[in-house]
Structure formats: structure tokens, C-alpha cells
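To keep things clear, I will list the structure first and then write my remarks on it.
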Amino acid sequence: MSVITAATSQNTLGVSRVHVLPTEFVRSQILDVILDIPPKCVKTGIYFKSYPSAYLGMLANEEIIVCISDILERYRFPCVVDPVTLLQEEDFDESR
């Protein structure tokens, strides 16, 4: 099962927009998954460098990181942080 924290508009040339989902919606997704199919472990994305209007990465902002951390602390699932390669600033073009 997956939990979505941000949606991107992208193609092979790069990411043009990022829409971070509200933290309460992310929390709701996580708890719904846990109640239905309790995971044996959890894999998270990495927190990327911020840009003026968006964050890149599966852990889209500090508020979402704290939300996920609180849930992991409560339920004590083993956790793996995905070592995603950091995107470069030129990979994100807000003008498109």
C-alpha cells in the first residue's frame, strides 16, 4: 500500500509543478492503511531541498515529516528511508 504526500506534473525533461497534499489528508491515508492492512515495515522517501513555491521529494515538508514520525513512533513499524538521489535546482523549472 502507498500513501501519497505530493503530486507532480512532470515529463522526461523535468518537474514543472509540485502540489503538496494537506498534512491531515496524509495522516488520514496512513491511518486508513494501518487499520486495513497493518504493514510489517515502512519505506519512506527522502526530504529534498526546498524551493520558493514547492518542495521536492516524498516527504514534502516538515509538517508531513512530523506527522509520519509521530505515527511511526506510536505504531513502532520498522522503517527504511529510501536513499533517493537529490535533484538539482535546474531540474525544477517553475516557468513551464
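Throughout, read-outs are computed from the coordinates displayed, never taken from laboratory work. Predicted, not measured: the structure shown is a model, and the values here were computed from it. Here the Cβ positions follow ideal geometry from the backbone for every residue, glycine too, while neighbour counts run over all protein chains shown.
General observations
- Placed amide H near residue 79: partners under 5 Å, 5+ positions off or other chain: 42
- Residue ranges 65-73, 30-38 sort as 65-73, 30-38 when ordered by packing (mean number of other C-beta atoms within 10 Å per residue, highest first).
- Net length available on complete extension from residue 66 to residue 41 is 7.2 nm, with 0.36 nm assigned per residue and the Cα-Cα distance removed.
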